[in-house]
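Values in this text are rule-based calculations from the coordinates and carry no lab data. Everything numeric here is computed off the predicted structure, so don't read it as measured data. Here the Cβ positions follow ideal geometry from the backbone for every residue, glycine too, while neighbour counts run over all protein chains shown.
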Amino acid sequence: MSADTSETPDNRPTDKGIDTDRLRESMSRLMDIYAGISDTAATAGSSRCPYKDAQARCTARFPCQNQFYKVAGEKAICTGSDDLDYRSAWES
């Protein structure tokens, strides 16, 4: 074992060089960032089809009335409006 580590009573190695307060603050900031990303995705997901990619191409592997095939063999273009509830368009 190196000089910078020791063992806890349950034999887990610990690193004495870790600033736990700084680590805790960093993890808290990271969780705030992820929470913001999650909130944005949840908001967009309630009005935008989750199968529409950034180029408005449909990635769904099932038929949808909003799919428009411009070029055979390529992904369909999503013609659905982001202002509508898209879920009724799916054929099940």
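Would you tally the net charge around Thr40, using a Cβ to Cβ cut-off of less than 15 Å, leaving Thr40 out, and scoring K and R as +1, D and E as -1? All intermediate terms of the calculation are to be shown ahead of the outcome.
Values: positive: Arg48; negative: Asp32, Asp39, Asp82.
Combined, the nearby Lys, Arg, Asp and Glu give -2.
Expressed in nm to one decimal, what extension gain is obtained for the pair Asp21 and Ile33 from 0.36 nm per residue of sequence separation less their Cα-Cα distance?
Stretched out fully, the Asp21 to Ile33 stretch lengthens by 2.5 nm.
Label-to-label distance, Tyr69 versus Ala56, with points set 7 angstrom from Cα along the beta-carbon direction: 2.0 nm.
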